[in-house]
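Here the structure comes first, spelled out in structure tokens, and everything after it is commentary.
The values are calculated or read from the model by the stated rules, or taken from the named source; none is laboratory data. These figures come from a predicted structure and were not determined experimentally. Note that each Cβ is placed from the backbone with ideal geometry, even for glycine, and that neighbours are counted across all protein chains shown. Heads up: the accessible areas ignore ligands, DNA and RNA and are worked out on the full protein's heavy atoms, side chains in. Shrake-Rupley method; radii C 1.70, N 1.55, O 1.52, S 1.80 Å.
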Amino acid sequence: NIFDKEKTYRVAISKYFFNDRDAFPNYEYRNGLTYSLRMSDKVVSAKKAVEAYVAKNDYETNLKEWNRANVTKFVLGNKGTQTISSIQGTKFMSEMYGYEVTTTGVVTAVGVVDNYPGGTDILIQSSSSDNDPRTSEAIKISLPGTTKVKDGDLVRVTGTVYEVMANTGLSSTTIRDVKSLKVLTTDVSLPPLLKLGKGGTKIPDTVISSHKGNVNQKNSLDISETLDFFESIEHMRVKISNPRVLGFRGGNEDMRDGDTGRKGPKSHLTLYVKADGETFSGQTSVGGLILDEMTHNHNPEILQIATGQFSKGIATGNYYKVGDLLEGELEGVFTFNMNLFGDGEYVLMTPTPQELLGENNKADKTETPLYDRGRTTITSDEDSLTIATYNIENLGGNQDARIDDLAISLKANLNCPDIVNLVEVQDNNSADFSGTSEADITLKKIITAMKKKHSVTKDEEQIELCSREYKAINIDPLAFNEGGQPGGNIRVAMIYDASKVTFKERSIPAPFAETIVGKNGSLNYNPGRVFPQDDAFSGSRRSMVSEFEFRGKKVFVIGNHFNSKLGDSSLYGANQPFSSGSETRRINIASKINEFVRVIEKRSPGAGIVVLGDFNANIDETSMQVLKGDVLLNLIEKDNLVETRDRYTTNHNGTSQALDYIFSNSEMNKNGVELEVLNVNSDYMGRTADHDPLIAKFKF
């Protein structure tokens with residue numbers, strides 16, 4: 001971050017970039033502005049502002065004559081004719097960076113670049129290898145316009161070697177400022193494919209990088225480590241066999257578009273796969289790949305297959321599931337590409353259509369109904385409470401279709417819990433800076449949808465889903481102050497069945513009013529916010545505590561949405577090892593929640609306490625240990641409640657991992673407790689949200 005969070009800044013932002021969500025880079029996740037914007041109606045002219053500044057400071061110049069920028073370019077020298085492997089070299093960055101070179105290769109892929117600055121990308125590869133596995137035999141050529149060269153052309157190119165760098169610090173070795181590109185002959189046999197996996201070259205599957213520092217300064221690649229191995233095959237032709245789908249991004253990922261409510265696939269698609277996916281260790285129940293909490297193995301062998309400038313024939317309209325096995329061979333080019341956020345990714349693209357990814361592959365053509373994805377076996381009864389938590393992914397009051405989808409999920413998957421903690425409830429108009437931070441309409445619509453009659457068809461039989469009359473618990477945050485999607489004012493809220501539990505409201509006067517536990521063991525405000533003025537929560541969602549009564553016992557439920565992992569370094573970035581700057585803030589928040597729990601236990605002995613939500617932390621992270629202390633149990637860790645292979649609530653780049661939990665104190669657990677994780681979103685396309693819900697049952 002370049003801003004001091006203790007200070008206030010006046011910032012002018014281009015209306016085009018701020019209002020157009022398709023314009024990247026956007027201001028949503030950049031420069032520390034996410035959670036601190038407070039909108040003004042003032043519109044300024046950048047030109048007039050600079051003119052006024054110039055006039056005020058007596059600059060003797062005419063603004064109209066100023067250049068926007070002066071760019072000086074120079075070439076370090078000429079290295080003459082070189083092989084592609086000698087240009088690529090044995091390091092992350094070419095030692096010929098900045099020099100003019102001439103080289104020859106066979107065109108293996110040609111693609112039009114749609115994003116800035118546009119033009120055409122070409123991949124060329126040597127017909128034969130230099131037999132050094134550290135050196136790639138392929139390189140990218142970038143042209144400002146169009147070209148007539150095609151796959152199979154043998155070309156000679158003269159240009160300057162660039163390292164086109166991503167935000168992560170890694171770069172793509174590229175020939176730019178091309179002086180000449182000549183086709184020597186056509187219809188040449190393409191260079192041989194490098195087989196990755198079984199029967200070929202092993203993809204390192206343990207260590208991303210053991211280097212300490214910037215990998216661009218390494219003396220040589222160590223291809224026993226994944227990051228270095230990927231660099232050593234940059235831009236080359238590869239093939240894999242029998243990939244198993246481990247995750248996805250784009251396509252039919254979402255059940256509905258959050259802005260329009262429409263169904264339909266996005267134009268882009270990334271599939272995270274494991275080569276030779278017939279059998280492997282670390283599987284989830286459905287055949288996914290789970291994060292190994294003990295060894296911190298982030299599954300570096302996962303490959304990305306993506307649409308892009310070099311890909312043809314990838315059907316984006318299919319409904320993939322985690323665990324889908326695509327039987328057969330898949331050929332493509334392994335390249336380093338920029339994504340929408342400016343981060344670089346090693347991806348496999350398909351210059352020729354592949355049967356495994358086409359319209360007629362084995363992926364589903366329709367989405368799996370929610371009821372068929374998993375239904376809790378937990379049921380509420382007069383001697384127990386069922387409590388659930390669900391991150392509903394930026395759901396606001398003007399998203400009627402998504403609200404109905406959520407209601408069906410709460411009914412079909414969770415069977416109408418007694419209390420539901422809802423994470424990422426947006427205000428009434430969603431991601432819009434007009435209006436206030438109020439979410440009364442959002443919650444009213446959710447409650448109305450829960451009262452409606454819904455049914456599903458199962459084996460040609462109509463099944464009526466549960467229907468309950470809930471009431472809402474909510475504290476509106478200070479507008480545009482607690483992070484999340486700009487203008488959305490996300491917060492934690494709850495709904496509860498008033499016929500099952502008692503909730504006595506004592507209204508909070510302001511979002512930053514301090515909540516205390518009185519000598520009588522009750523909250524002064526109900527609901528209240530936990531240490532809302534503490535620096536630990538600055539710029540992030542405040543935790544909300546609600547006091548219920550059930551069978552004569554006080555039950556305190558604390559809903560949470562800890563700060564995200566934004567600000568962490570990239571697992572696949574130049575700076576190694578990976579560092580989690582965001583974890584320090586989560587540790588501070590966890591410490592405050594643990595402190596509040598201790599106060600409840602001291603002043604309200606015999607009370608039950610449940611702490612739940614989206615913690616943005618893996619099970620074994622320090623913040624989760626601090627939160628537990630010696631007063632709480634993370635139910636997902638409790639023996640025999642959830643199998644290790646099913647302990648996940650999200651899917652990040654193909655790795656199934658847990659970020660959402662339900663913690664409880666010994667008073668809640670003493671008569672028996674159950675927990676289920678319903679993997680109804682992370683394993684499926686057509687998801688209701690990007691997290692899975694959890695439900696616990698506490699016996700009294």
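Rundown of residues vs (1) of a type outside the set (Val, Ile, Thr); (2) farther than 16 Å from Asn391 by Cβ, yes/no style:
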position: Ala617; (1), (2): yes, no
position: Thr644; (1), (2): no, yes
position: Thr649; (1), (2): no, no
position: Ile662; (1), (2): no, no
Residues being closer than 14 Å to Arg176 by Cβ and open to solvent by 70 Å² or more (accessible area, probe 1.4 Å): count how many of those fall in segment 99-150. 2
Given the condition part of a loop (DSSP other than H, G, I, E, B) and open to solvent by 50 Å² or more (accessible area, probe 1.4 Å), answer yes or no: does some residue in segment 544-562 qualify? yes
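Going through segment 207-228 one residue at a time, which ones are of a type in the set (Ser, Thr, Tyr), touching a residue at least 40 places away in the same chain (Cβ under 8 Å) and surrounded by fewer than 14 Cβ atoms within 10 Å (Cβ to Cβ)?
Here is the first cut: in segment 207-228, the residues of a type in the set (Ser, Thr, Tyr) are 209-210, 220, 224, 226.
Applying the additional criterion that residues be touching a residue at least 40 places away in the same chain (Cβ under 8 Å) yields 209-210, 220, 226.
If the condition is that a residue be of a type in the set (Ser, Thr, Tyr), touching a residue at least 40 places away in the same chain (Cβ under 8 Å) and surrounded by fewer than 14 Cβ atoms within 10 Å (Cβ to Cβ), then Ser210, Ser220 are the ones that fit.
Taking segment 501-536, which residues are open to solvent by less than 40 Å² (accessible area, probe 1.4 Å), part of a loop (DSSP other than H, G, I, E, B) and either over 16 Å from Ile600 (Cβ atoms) or not small (Gly, Ala, Ser) (or both)?
Step one: filter segment 501-536 for residues open to solvent by less than 40 Å² (accessible area, probe 1.4 Å), giving 501, 503, 508, 511, 513, 515, 517-518, 521-523, 526-530, 532, 536.
With the extra rule that they be part of a loop (DSSP other than H, G, I, E, B), the set shrinks to 501, 508, 511, 513, 515, 518, 521-522, 527, 530, 532.
Correct list: Val501, Ile508, Pro511, Ala513, Thr515, Pro527, Val530, Pro532.
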In segment 336-349, residues that are open to solvent by 30 Å² or more (accessible area, probe 1.4 Å), among the aromatic types (Phe, Trp, Tyr) and part of a strand (DSSP E or B) total 0
Pairs, please: C-beta under 7 Å, at least 6 apart or cross-chain, first residue more than 18 Å from Asn252 (Cα to Cα) and open to solvent by 30 Å² or more (accessible area, probe 1.4 Å) and in segment 312-335, second hydrophobic (A, V, I, L, M, F, W, C) and in a loop (DSSP other than H, G, I, E, B)? Glu331/Leu193
One residue is enough: does segment 164-173 have a residue meeting the conditions modelled with pLDDT under 95, under 31 Å from the mean Cα position of the chain (by Cα), surrounded by fewer than 19 Cβ atoms within 10 Å (Cβ to Cβ) and among the hydrophobic types (A, V, I, L, M, F, W, C)? yes
Flagged pairs (Cβ under 6 angstrom, 6 or more apart or on separate chains; first in segment 102-126, over 20 Å from Met338 (Cβ atoms) and modelled with pLDDT of 95 or more; second aliphatic (A, V, I, L, M) and part of a loop (DSSP other than H, G, I, E, B)) are Val106/Val188; Val107/Val149
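Results for (1) part of a strand (DSSP E or B); (2) at positive phi; (3) not charged (D, E, K, R), shown as yes or no for each residue.
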residue: Met96; (1), (2), (3): no, no, yes
residue: Thr103; (1), (2), (3): yes, no, yes
residue: Val106; (1), (2), (3): yes, no, yes
residue: Thr120; (1), (2), (3): yes, no, yes
residue: Asn131; (1), (2), (3): no, yes, yes
residue: Val157; (1), (2), (3): yes, no, yes
residue: Ile175; (1), (2), (3): yes, no, yes
Which of the residues that make up segment 461-508 are touching a Phe, Trp or Tyr at 6+ places or on another chain (Cβ under 8 Å) and among the hydroxyl-bearing types (Ser, Thr, Tyr)? Tyr470, Tyr496, Thr502, Ser507
Filter segment 657-687 down to the residues that are over 19 Å from Gln283 (Cα atoms), open to solvent by 10 Å² or more (accessible area, probe 1.4 Å) and of a type outside the set (A, V, I, L, M, F, W, C) and list them by number. Ser666, Glu667, Asn669, Lys670, Asn671, Gly672, Glu674, Arg687
Taking segment 563-580 as the search range and keeping residues that are open to solvent by less than 20 Å² (accessible area, probe 1.4 Å) and part of a loop (DSSP other than H, G, I, E, B), which one is nearest to Glu505 (Cα to Cα)? Asn563
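Taking the options Ala431, Ala412, name whichever one is among the aliphatic types (A, V, I, L, M), farther than 23 Å from Gly608 by Cβ and modelled with pLDDT under 95. Break it down into steps so the answer makes sense when it comes.
Working: Ala412 fails: modelled with pLDDT under 95.
Every option except Ala431 fails the conditions.
Going by the conditions given, is Asp132 over 34 Å from the mean Cα position of the chain (by Cα) and either in contact (Cβ under 8 Å) with a residue 40 or more places away in the chain or closer than 23 Å to Glu345 by Cα (or both)? Write out each step before concluding.
Working: over 34 Å from the mean Cα position of the chain (by Cα): yes; either in contact (Cβ under 8 Å) with a residue 40 or more places away in the chain or closer than 23 Å to Glu345 by Cα (or both): yes.
For Asp132, the condition - over 34 Å from the mean Cα position of the chain (by Cα) and either in contact (Cβ under 8 Å) with a residue 40 or more places away in the chain or closer than 23 Å to Glu345 by Cα (or both) - is met.
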Of the conditions (1) surrounded by fewer than 16 Cβ atoms within 10 Å (Cβ to Cβ); (2) modelled with pLDDT under 95; (3) in contact with a strand residue (DSSP E or B) (Cβ under 7 Å, 6 or more places away or on another chain), Arg176 clears all except one; give me its number. (2)
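Got at least one residue in segment 341-350 being among the aromatic types (Phe, Trp, Tyr), modelled with pLDDT of 95 or more, farther than 30 Å from Ser437 by Cα and within 25 Å of the chain's Cα centre (by Cα)? Give the derivation first.
Of segment 341-350, the ones among the aromatic types (Phe, Trp, Tyr) are 341, 346.
Subset that is modelled with pLDDT of 95 or more: 346.
When the remaining residues are screened for being farther than 30 Å from Ser437 by Cα, the result is 346.
Retained after the next criterion (residues that are within 25 Å of the chain's Cα centre (by Cα)): 346.
Looking through segment 341-350, at least one residue is among the aromatic types (Phe, Trp, Tyr), modelled with pLDDT of 95 or more, farther than 30 Å from Ser437 by Cα and within 25 Å of the chain's Cα centre (by Cα).
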Wholly enclosed strands (runs of 3 or more DSSP E) of segment 620-675 bearing at least 1 residues within 26 Å of Asp343 (Cβ to Cβ) and among the hydroxyl-bearing types (Ser, Thr, Tyr): 650-652, 655-657
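Inside segment 676-700, can you point out the residues that are aromatic (Phe, Trp, Tyr) and assigned to a strand (DSSP E or B)? Reasoning before the result, please.
Initially, segment 676-700 is screened for residues aromatic (Phe, Trp, Tyr), giving 684, 698, 700.
Once the filter is applied, which keeps residues that are aromatic (Phe, Trp, Tyr) and assigned to a strand (DSSP E or B), segment 676-700 yields Tyr684, Phe698.
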